[in-house]
Amino acid sequence: MNNEENPFISSGGLSTATVLQRQTDEGPNQLPSSKPKIIYSFFFDVLKEPMVYLLLGCGFIYFLLGDKQEAFMLTGFLVLIIAITITQETKAGRALEALKELSSPRALVLRNGTKTRIAGSEVVREDILAIGEGDRVPADSIVLSASSLEINESILTGESASVKKLSNDKIFAGTTIVRGYGYARVEAIGINTQIGKIGSSIHESEILSTRLEDQTNLLVKRLAWIALFLCVLVIVVFSMTRHSWVEGFLTGISLAMAILPNELPAVLTIFFAMGAWRLSKRKVLTRKVSAIENLGSVTVLCVDKTGTLTLNQMSIQNIFSNGMSIDLSSSKNEALPENYHEVLEFGILASNKETYDPMEIAFNNAGTTYLTGTEHLHQDWNLSKEYPLSPAMLSITHAWKSNPKGGFVIGAKGAPEAIIDLCHMSNDSAAEIKIKIDEMASQGLRVIGVAKAFQTSDHLPPNQHDFEFSFLGLIGITDPIRTGIGESISECHTAGIRVIMLTGDYPLTASSIAKKIGLHNPEQVTTGEQLDKLSDQELVKMTKKMSVFSRVMPAQKLRLVEVLKKSGEIVAMTGDGVNDAPALKSANIGIAMGGRGTDVARESADIVLIDDDFSSITESIRMGRRVYSNIKSALIYLFAIHIPIAGISILPVLTGQPLVLLPAHIALLHLIIEPASSIAFEVEPAGNQSMKVAPRSSTDPLFGSGIWYSSIIKGTILFLALAAVYLVAIWRKQGENDARTLVFCTLIIANTLLIYLSRADNISLINKLKNKPNQIVTWITILSLLMLALALYVPSLQRLFRFSFLHPIDIFLCVMISFMSLILSEVVLKLLTKKV
């Protein structure tokens with residue numbers, strides 16, 4: 001049936017007013033699924049943290065002792081810590097929910113007479129859907145018109161074989177179009193669909209933990225056991241030596257609070273979520289958080305040419321027929337000579353009338369431009385059968401009913417070698433044509449062969465080869481290269497990433513494009529046929545020097561990805577079609593095209609490029625490296641600052657001296673450490689060298705020797721400085737409060753400097769000192785010093801924290817000790833690193 005003959009399609013679809021009314025009356029097209037977290041959910045998550053119970057325990061003990069001021073202060077700190085944590089987690093959660101909405105399946109609907117791409121959740125009953133290969137059906141519908149339409153219904157039936165659909169057949173939400181195209185009218189949405197009645201939420205993707213999160217959780221558990229052991233040991237030793245079990249419990253709890261880096265899980269959650277959110281601002285959607293982790297390790301980038309390296313805006317530039325050629329780029333305003341009418345006519349007959357495929361659009365546009373008013377356009381003909389492109393035959397054939405009396409007109413187009421094969425040309429004729437093919441391909445044109453045939457009988461054969469085709473000519477199609485591609489390719493090479501172009505184009509076309517964009521060894525091209533003849537070992541060896549693969553089919557892309565992975569490479573792979581899904585899933589990072597990509601490809605990928613732009617991939621890799629680098633810096637800071645806090649908590653117990661840090665002091669420190677370790681480091685921009693170093697190894701543990709060396713050296717030297725301040729103050733008999741005040745002041749100032757110096761751990765000390773802090777670091781510095789000033793000079797707070805008055809000379813000494821200890825740690829670290 002022609003679309004124009006169907007009243008539902010010819011009506012132009014629903015109006016905006018009707019759509020809005022349906023959405024109000026019937027709700028969104030969604031299945032029951034887990035709802036986004038709300039604030040009280042985050043509150044209960046925070047209550048699972050050990051730090052909460054340690055603070056509550058301390059407050060309870062102080063309350064029992066009658067020290068209500070101390071108890072209320074700890075409770076206030078607890079409320080602030082919970083508020084900070086909930087704020088951070090809520091921001092991260094909202095970022096992920098927003099991305100989830102953006103990356104949901106889409107639908108192409110006919111509304112107000114115009115085709116519009118919308119989110120699947122916005123589909124309403126009686127919407128007219130335009131469906132095609134790779135789409136996921138958004139709602140239960142009835143087919144209005146179909147052309148070679150086949151659907152995979154395994155999600156409902158369990159049967160993997162595709163089912164052919166004709167007009168008036170039903171199709172169901174969640175099923176996938178594997179072939180053909182058509183129109184359908186929506187009959188049921190949401191929970192009223194078949195899949196909704198079953199009660200499954202197939203679009204709900206499980207949030208899996210990343211490798212880094214698994215490593216972090218394991219480390220936190222181990223540290224928790226260490227903290228518990230030391231806590232019990234300190235309680236026993238303190239209580240037996242000083243005969244005070246209550247103070248012993250307070251001391252033990254303080255030590256546990258000092259040791260536990262409870263900020264660690266929040267750091268990873270926030271960094272990954274905000275990294276994904278920042279990528280979305282660059283038109284890159286992250287469907288799986290683990291992709292952020294893997295992006296920084298990419299060593300090989302396999303990319304499609306069309307639409308990724310090029311603009312995907314095709315137009316016919318050259319036509320060859322009957323031994324003559326014409327360049328349309330220089331004769332756009334001139335009439336097309338009659339010699340070229342037939343080859344363009346049959347190229348159009350081998351194309352779909354309604355399509356979003358750029359090549360098909362190029363043929364139809366050329367027909368409108370050059371054949372309007374001639375007898376070579378056939379809008380009234382009916383398509384009787386389509387012979388689709390296949391790995392075995394790289395051509396498309398359409399059989400048209402030109403008149404009701406019988407017979408068919410056949411148009412075929414495809415790879416020149418496939419068309420030559422269909423026409424059964426002699427070797428000499430084929431050789432002459434190949435000379436012209438090479439000439440056009442060397443200009444970077446995609447070369448398409450065109451043939452015609454006529455069938456007088458009413459019976460159509462089962463395959464294309466059964467027609468008696470005649471060769472008509474060649475069509476050269478241009479697709480402009482995206483601006484900035486050369487620079488992006490060069491940036492990848494500088495970053496130690498090999499770029500491999502995979503294309504279905506003719507070898508010379510692929511080579512010409514590769515030269516223009518700066519790929520390595522562009523003259524060396526391997527075809528899919530040659531690839532099949534290579535063993536895995538030979539293929540691995542070849543990929544070390546080859547950057548261009550042409551006439552590659554989806555199954556060959558999958559093999560190439562798997563072979564590269566087995567050889568130790570971290571592979572990012574782009575794709576857009578149904579057949580690309582296996583390669584996208586197999587790659588370490590699957591990258592789907594958001595503009596022209598099918599729902600199946602998008603759902604198989606880890607990230608989606610909204611604008612299909614190659615430069616977005618390089619930005620994603622830069623972001624992945626930035627996130628990993630900032631996580632590393634945050635962890636160095638976290639571990640380093642906990643060492644002096646824990647050390648100065650244990651020292652008085654071992655020496656029999658008065659305690660330095662009480663629970664209130666440690667809680668106050670956590671108010672600074674919590675936002676510093678997450679927000680301050682997360683907003684740090686990528687360094688200038690981030691894309692000038694080789695990718696990190698995917699096998700390198702996050703908590704490797706580099707982090708431990710740096711953290712232990714910085715933390716230990718700072719602890720020794722604090723211990724010296726404390727012991728000297730005690731030795732000079734300055735008193736418990738003086739010693740505590742000097743140590744705490746030095747610790748706060750050192751913490752601020754440590755944040756400043758840890759933001760870029762991979763640059764020199766001089767550059768660190770020159771490196772301008774981000775706004776968050778500046779605000780944390782101001783607030784830290786303000787809190788310290790209030791605690792030191794407001795009498796009520798001074799008594800509460802058991803501080804004494806510090807004179808300017810005391811503060812100067814604290815600043816100098818902090819500064820010198822951290823500078824010394826940087827120098828020692830540099831010397832040890834050189835020796836290693």
*If r is the Cβ-Cβ distance from A686 to K566 and R0 is 22 Å, what FRET efficiency results, to the nearest 0.05?*
0.10
*Given 0.36 nm per residue, what is the gain on full extension from M816 to D438 after removing their alpha carbon distance, in nm?*
128.7 nm
*Which order do peptides 413-420, 384-391 fall in by mean Cβ count within 10 Å, highest first?*
413-420, 384-391
*Where does each of 639-645, 735-741, 491-497 land if you order them by average Cβ count within 10 Å, highest first?*
639-645, 735-741, 491-497
*Could you give the nm distance between label points at S429 and S402, where each point is 7 Å from its Cα heading toward the beta carbon?*
2.0 nm
*Label-point separation (nm) for S697 and S457, each offset 7 Å from Cα along Cα-to-Cβ?*
6.7 nm
*For an R0 of 22 angstrom, estimate the FRET efficiency from the Cβ-Cβ distance between I823 and S705 and round to the nearest 0.05.*
0.45
*Mean separation of Cα pairs under 8 Å and 6+ residues apart, divided by the residue count of the range 585-666: what relative contact order is that in percent?*
17 percent
*Determine, from the Cβ-Cβ distance of K170 and K281 and an R0 of 45 Å, the FRET efficiency 1/(1 + (r/R0)^6), rounded to the nearest 0.05.*
0.65
_Carbon/sulfur fraction of accessible area - the range 553-621, other protein chains in place, 1.4 Å, %_ = 51 percent
*Could you state the number of Å between the C-alpha centres of the range 400-420 and the range 484-510?*
37 Å
_7 Å from Cα along Cα→Cβ at both S329 and E468: what's the point-to-point distance in nm?_
4.0 nm
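So what is the accessible area of the range 473-560 per residue, in Å², with the probe set to 1.4 Å?
Using a 1.4 Å probe on heavy atoms only, each residue of the range 473-560 averages 40 Å².
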_Under the Karplus curve 6.51 cos²θ - 1.76 cosθ + 1.60, θ = phi - 60°, whole-Hz ³J(HN,Hα) for the range 647-663, x wherever Gly or Pro sits_ = x, 6, 7, 7, 3, x, 5, 6, 9, x, 9, x, 5, 9, 9, 9, x
*asked:* I need the peptides 746-755, 721-730 ranked by packing, meaning the mean over residues of other C-beta atoms within 10 angstrom, with the highest value on top.
replied: 746-755, 721-730
*Hey, what do the phi angles of the range 423-437 turn into as Karplus ³J(HN,Hα) couplings, whole Hz, using 6.51/-1.76/1.60 and θ = phi - 60°, x for Gly and Pro?*
7, 6, 6, 5, 4, 5, 5, 5, 5, 5, 5, 4, 4, 5, 4
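The values are calculated or read from the model by the stated rules, or taken from the named source; none is laboratory data. All of these numbers come straight from a predicted model, not from anything done at the bench. Glycine gets a Cβ as well: all are built from the backbone with ideal geometry, and neighbour counts include every protein chain shown. Each accessible area value is taken on the protein alone, full model and side chains, heavy atoms only, with ligands, DNA and RNA left out. Shrake-Rupley method; radii C 1.70, N 1.55, O 1.52, S 1.80 Å.
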